[in-house]
Amino acid sequence: MRKIIITVAPVCHVGKEIPSECKNPLSPEEITADVVNCYKAGACQVHLHTRDMAGNPTFDLEVFSKTIGMIRAETDMIIQGSTGGLSELSLEQRCVSLNVPEVEVASLNMGSVNFGETVYVNTNPEIRYWAGRQREANVVPELELFDLSHIECCARMADEGVLRRPLHYNYCIGPGASSNLSATGRNLALLNVLAEGGSSWGVNHDSMADQSVLACAIGMGANAVRVGFEDSFYYEPGKRAHTNAELVEHLVKLIRLMGCEPATPEEAREMLRIGRYWD
């Protein structure tokens, strides 16, 4: 069976309204308990940002490292960090998670994009800097694409030797009002037309009302999909999950109905070439 990497992004964006029935984990203990349940349900990778005890972004790695240590004590999940964050942060502040040895994969934004009335800035020199820091840390870059033009940026960076081929894209789509690509099958098809042969790809759907676009992606050949309160609380129209594990459980059912199987952490490490990407 084709294996699908399930990533969970468990912590809601700061400032986003959280429904009363949804338990957004914040403390290391809460995040660990939720992530362990997601692992048991079928997730093999966890996407984490550096947060303080109140859930706010922080550059102090104490809480982040503690959370990862607790997750590691109970699972062999892949730990994915971030080189995202707000545009006004320094280059090093945006990639502070790379200083934690347990981080194996990290997001790498491949260009700037309009978000609402503002601009999310990721210039070419900045991309080169973050990719270099990932190389130093032997961390695999997950290439975050918000626009069709970002595909070509990936190719240019690979031609320069900044990235290694084959590439692993992650299409960040929806809801459209943010000015990035709307979450439609047409846009997924356009991205795939431009993608390099031999590359792999995944998708996360911001503000999804259900998991239909994830199903569309799997049907089109995606090998990775993401759920979690960072993206959405919904798994079906009008139906919200109480925990992240519920989102994973519904996604696993969907994957199996499509004749695929969730990848184990070991299988996902092989698929992503963790430990040998930069060789």
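Annotation: of all residues in segment 29-65 being aromatic (F, W, Y) and over 20 Å from I4 (Cα atoms), the one that is least open to solvent (accessible area, probe 1.4 Å) is F64.
Restricting segment 25-54 to residues that are within 16 Å of the chain's Cα centre (by Cα) and of a type in the set (A, V, I, L, M, F, W, C) leaves a set whose member that is modelled with the lowest pLDDT is L48. Which members of segment 91-125 meet the condition of being in a loop (DSSP other than H, G, I, E, B) and either touching a residue at least 12 places away in the same chain (Cβ under 8 Å) or within 19 Å of L61 (Cβ to Cβ) (or both)? Those that are in a loop (DSSP other than H, G, I, E, B) and either touching a residue at least 12 places away in the same chain (Cβ under 8 Å) or within 19 Å of L61 (Cβ to Cβ) (or both): C95, V100, P101, E102, V103, E104, M110, G111, G116, V121, N122. Scanning segment 7-21 finds one or more residues that are in contact with a Cys (Cβ under 8 Å, 6 or more places away or on another chain) and open to solvent by 60 Å² or more (accessible area, probe 1.4 Å).
Can you list residue pairs whose Cβ atoms sit under 7 Å apart, with the first residue in segment 230-254 being in contact (Cβ under 8 Å) with a residue 24 or more places away in the chain and the second being open to solvent by less than 10 Å² (accessible area, probe 1.4 Å) and among the small types (G, A, S)? Count only pairs 6 or more apart in sequence or on different chains. As it stands, the answer is E230/A9; D231/A9; F233/A241; Y235/A241; N244/G228; L247/G228; L247/A241; V248/A43, since those pairs meet every condition given.
Taking the numbered list (1) surrounded by fewer than 20 Cβ atoms within 10 Å (Cβ to Cβ); (2) not in a loop (DSSP other than H, G, I, E, B) in turn, E142 passes all entries but (1). Screening segment 145-237 for strands (runs of 3 or more DSSP E) wholly inside it with 3 or more residues that are modelled with pLDDT of 95 or more, within 24 Å of C22 (Cβ to Cβ) and open to solvent by 10 Å² or more (accessible area, probe 1.4 Å) returns the ranges 234-236. Entry remark, segment 108-132: residues being surrounded by 15 or more Cβ atoms within 10 Å (Cβ to Cβ) and farther than 18 Å from L86 by Cβ number 2 in total.
Within segment 229-248, track down each residue that is under 18 Å from V46 (Cα atoms) and of a type in the set (D, E). E230, D231, E246 - these are the residues of segment 229-248 that are under 18 Å from V46 (Cα atoms) and of a type in the set (D, E).
The values are calculated or read from the model by the stated rules, or taken from the named source; none is laboratory data. This one's a predicted model, so the numbers in the text were calculated from it and none came from an experiment. Heads up, the Cβs are rebuilt from the backbone with ideal geometry, glycines too, and the neighbour counts pull from every protein chain shown. Heavy atoms of the whole protein, side chains included, go into the accessibility calculation; ligands, DNA and RNA do not. Shrake-Rupley method; radii C 1.70, N 1.55, O 1.52, S 1.80 Å.
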